[in-house]
Amino acid sequence: MRDILFHFFAALTIVPAFFVATSRKPVNAAMNMMVSFVGLSALFVMLETYFLAILQILVYAGAIVVLFLFIIMLIDAGSSPHPKLVRFLASLAAFALMVFAGYHLVF
């Protein structure tokens, strides 16, 4: 039974995290991030680290996601004049940062 719960909560963590990375709507991404945090909190409960589980819910799923939603609604992210260009430049910057960090971790 414990293995089945582990796989369920692991899927509840990984699948919404994938949707966060591939979602085109920022509000949907924030909601999926909250579901992923709840799955991670359930994994902490299975490890009997109750304090980390409570912190995960209160701090991340509660405060950080609400802050993300507030900022998303404040800046109206869906009304960018060139959404494909902005997405491409953000992806390029993230890729460059990952390559830079990976290079410095290896060497």
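Values for this structure:
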| item | result |
| --- | --- |
| Subset of segment 63-82 [open to solvent by less than 80 Å² (accessible area, probe 1.4 Å) and out of contact with any helix residue (DSSP H, G or I) (no Cβ under 9 Å at 6 or more places or on another chain)] | Ala63, Ser79 |
| Hits in segment 28-58 (condition: among the hydrophobic types (A, V, I, L, M, F, W, C), more than 24 Å from Asp76 (Cα to Cα) and open to solvent by 60 Å² or more (accessible area, probe 1.4 Å)) | Val38, Val45, Leu47, Phe51, Leu52, Ile54, Leu55, Ile57, Leu58 |
| Hey, Leu97 open to solvent by 100 Å² or more (accessible area, probe 1.4 Å) and part of a helix (DSSP H, G or I) or not | yes |
| Test result for Tyr103, part of a helix (DSSP H, G or I), open to solvent by 100 Å² or more (accessible area, probe 1.4 Å) and touching a residue at least 12 places away in the same chain (Cβ under 8 Å) | no |
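Residue by residue, here is whether (1) more than 15 Å from Lys25 (Cα to Cα); (2) within 20 Å of the chain's Cα centre (by Cα) holds:
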position	(1), (2)
Val35	yes, yes
Leu40	yes, yes
Thr49	yes, no
Ile54	yes, yes
Gly62	yes, yes
Phe68	no, yes
Lys84	no, no
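The values are calculated or read from the model by the stated rules, or taken from the named source; none is laboratory data. Computed from a predicted model, the values in this text were never measured in an experiment. Because the Cβ atoms are built from the backbone with ideal geometry, glycine has one as well, and the counts that use them run over all protein chains shown. Areas reflect the complete protein model, heavy atoms only, side chains present, ligands, DNA and RNA absent. Shrake-Rupley method; radii C 1.70, N 1.55, O 1.52, S 1.80 Å.
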